Amino acid sequence: MSRPELMQAFIKAAGWAGAELHPLAGDASTRRYVRLARRGVTAMLMDQPRGAETSACPPDASDADRRKLGYNAMARLAGPDCRPFAALSSFLRGQGLSAPEILAHDYDAGFLLIEDFGDGRFADLIAGGKPERPYYETAIDALADFHRVAAPKTMAVPGAGAVHLLGYDPVAMEAEVLLLADWFYPAAAGKPISDAARDEFVAAWRQALGALRTATPVVVLRDYHAENLMWLDNRQGVARAGLLDFQDALAGSPAYDLISLTEDARREVSVDLATAMTRRYVDLRRRSDASFDEEAFRFAAALLAAQRNTKIVGIFSRLWKRDGKPRYTQYLPRMWGYLDRDLAHPALAPLKAWFDRHIPRDWRGTLGNT
């Protein structure tokens with residue numbers, strides 16, 4: 001059957017035959033979402049074609065195996081497999097957080113029917129004039145509450161066994177930062193990066209990432225920001241923050257998702273707000289865990305902010321050059337502003353020196369000669 005025919009068969013099997021279908025606007029992924037509406041009730045269909053991306057990372061894959069399999073395996077992305085989303089949803093709900101309930105599934109075909117959280121995205125509500133601070137405080141409270149729990153080794157997939165929760169390791173982080181060298185640099189310079197400059201880049205990152213220590217890894221959702229958080233007014237406490245887009249979760253540092261929130265690629269987060277929310281998070285963690293190391297956390301936050309923002313500069317360049325989505329380049333000035341701030345941490349001096357030598361100021365925030 002064709003993809004539309006498979007989708008209709010899934011909808012019928014799930015008990016939603018005859019529902020109105022309302023496709024949602026696409027994003028940076030290969031997934032698409034369709035809202036189903038029937039007799040005043042709605043649900044969300046996730047369509048993740050199995051052949052749309054390279055394979056996910058097998059749990060026992062060596063570093064060499066991952067490099068052969070491609071970027072998804074190196075960066076440990078879920079790729080075309082929708083089981084991790086279902087497993088994470090179940091795990092998060094078990095921790096008292098609001099993730100969409102899985103209403104029906106066909107993992108082999110790549111379809112999920114999930115709870116519809118409506119249209120109240122944090123980013124949209126703030127853009128519409130709502131004060132931003134209460135939303136960010138709820139997001140921080142949810143994160144701090146969630147981080148009291150250590151990352152599990154495996155997570156149950158509703159109706160389909162379990163998946164491994166892999167670590168956010170140096171291979172994954174290195175693959176991500178190399179997107180800047182492989183996609184942004186050629187777009188800005190009009191030529192590929194030299195082997196020597198690329199080798200220096202890798203060496204500087206390996207030195208920096210080698211200093212990262214995480215005493216107790218937590219579940220890192222990887223895209224925890226205002227466009228993936230939904231305001232659920234009918235719930236209480238941390239459950240008011242509805243979580244989306246977490247299928248690529250890994251085990252890693254608690255600093256990562258804080259940075260995703262406070263150095264948001266798609267909307268400006270002021271230094272004052274970011275500082276206040278970081279302090280709120282630290283205070284909450286110190287109250288709940290006497291062993292919480294604030295100094296180590298703040299170093300991790302600076303390092304992972306630089307890593308994440310370097311990756312995003314590369315991803316947005318790749319989305320334009322490879323995928324024909326130039327709209328993402330509008331966010332590059334913001335990303336370079338974040339990176340300049342992140343690289344000012346004294347421990348990241350070798351990285352800053354590489355950027356200063358190889359990325360001229362007039363390239364930052366643009367795509368140079370293109």
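Structure notes:
- The range 334-355 and the range 258-326 have Cα centres spaced 13 Å apart.
- Check: the chain dipole with +1 on Lys, Arg Cβ and -1 on Asp, Glu Cβ, in debye: 320
- Given +1 at the Cβ of Lys and Arg, -1 at the Cβ of Asp and Glu and no other charges, the dipole of the range 25-107 around its Cα centre is 260 debye to the nearest 20.
- In the chain, lysine pairs closer than 19 Å at Cα, eight or more apart or cross-chain: 4
- On Cα atoms only, tilt of 349-358 relative to the major axis of the chain in degrees: 90
- Across the options Gly210, Ala301, Leu261, the greatest Cα extent toward the positive end of the charge dipole of the chain (unit charges at beta carbon of Lys, Arg, Asp, Glu) belongs to Leu261.
- Leading residue at positive end of dipole, the chain (Cβ point charges), from Phe355, Ala344, Ala56: Phe355
- Cα gyration tensor category, rounded, prolate or oblate, for the range 118-370 with a/c compared to 1.5: prolate
- Across Asp81, Asp264, Asp60, mean-square fluctuation computed from a Gaussian network of the chain (C-alpha pairs under 10 Å connected) peaks at Asp60.
- Once the Cβ-Cβ distance of His164 and Gln95 is raised to the sixth power relative to R0 = 22 Å, the FRET efficiency obtained is 0.75.
- Residue among Ser55, Ser288, Ser260 with the largest mean-square fluctuation in a Gaussian network model of the chain, springs linking Cα atoms under 10 Å: Ser288
- Length-normalised contact order for the range 118-370 - Cα pairs under 8 Å, 6+ apart - percent: 27
We did not get these values from a lab; they are worked out from the coordinates using the rules stated. Computed from a predicted model, the values in this text were never measured in an experiment. Cβ coordinates were reconstructed from backbone atoms using ideal geometry, including for glycine residues, and neighbour counts include every protein chain displayed.
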